[in-house]
Amino acid sequence: MWWGVVAALFANVLYSGGFVLEKRALTSLPGLDIRRPARAVRLLLGSPLWIGGSLALSGGFVAQLVVYRTLPMTVAQALFISGLVLLLLFSSRALGERTSGRERVAMAAIVAALLMVVLSLGDGSESIGTYSPPALILLLSGLSLGAGMWVYVTADRRDARRGAAVEGAGGGDPPDRPSSGVPYGVAVGLVYGVSSLAIKGVSALFDAHDLPGTLAAVLSSPYPYLLLVTGATGLVLSQTALQRCRASLVVPVCTTTSCLYTATLGSVAFGESLPGDPLHLTLRVVGAVLAVAVLLALPATTRQPTPEKEPIHEPH
């Protein structure tokens, strides 16, 4: 199990560093628009700094496979939430995004939650899930992706109407779009929650002693195709949200939503159990609840230090 803890912490470093690199790259790119996904992808792939950030995130996904092979999903998600501490530190140092008093309280809560979850390991009574009915995974994925897209599009339309109303009234600059950073983060978190279910499924099918059999099993499952769908969808949605809002707001909300989704629905779908010892169970539950409190501690609004760039309309 301790290899899984090390892999989770390593994944946190890669994820936090990757998001910061992508955010720095996005500040120099024209405004992205989810209604023009091909253009958005072309702009992203033209930025070497953004590619470096995406490679770091890819390394985090590989480490995540190791985590799901060795740790229950509730433990894994609580450890991933601990990466928010690194994210807030990196964004403060590299991006100049100042952390508020509420965010510092959230960081302290995450550290405490991390310690509780780690201490809850080791009683040997809990199982690591290895199978979930494909129909159940597809049902959860379809509902989650639909909900995520609805939340994102609703927030996008509301912000667009707010900006148009201010401009039409001659009230000066439109309000900052980061006022809807939390809905954006929740929407992207639902998409990446489905990705986590797919990664868990792939890790459960992996057999180092039978690689051809593993490949056949993976390709005959819904997991690689879910990864393709969530990868493409999450790419456009997350980068648009990162460009509009502070990384230290969007990423924590996204991470907490994704981890809560995976820890609850994922554990049920894969039939994982909780610790049998009362002390270990108490530590696990309190640690998970404390980690979720991070989402409630974050502010619902924020201001971005640099003005948002307007999308460039290219001739067709």
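Just so it is clear, none of the values below were taken in a lab; they were calculated from the coordinates. On a predicted model such as this, the values are computed, not experimentally measured, just so you know. Cβ coordinates were reconstructed from backbone atoms using ideal geometry, including for glycine residues, and neighbour counts include every protein chain displayed.
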Could you go through segment 216-227 in sequence order and give the Karplus-derived ³J(HN,Hα) for each residue, using 6.51 cos²θ - 1.76 cosθ + 1.60 with θ = phi - 60°, rounded to whole Hz, and x for Gly and Pro? 5, 5, 5, 5, 8, 9, x, 5, x, 6, 5, 5
So Leu279 and Leu136, fully extended at 0.36 nm per residue minus their Cα-Cα distance, gain in nm 48.2 nm
For the pair Thr264 and Val105, what calculated FRET efficiency results from E = 1/(1 + (r/R0)^6), where r is the Cβ-Cβ distance and R0 = 22 Å, to the nearest 0.05? 0.35
Estimated inter-spin distance, Val229 and Val289, nm [label 7 Å along Cα→Cβ]: 3.5 nm
Spacing of the two label points (7 Å from each Cα toward its C-beta) at Ser220 and Ala147, in nm: 3.2 nm
Placing each pseudo-label 7 Å from Cα in the direction of the beta carbon, Val6 and Ser58 end up separated by a distance in nanometres of 2.5 nm
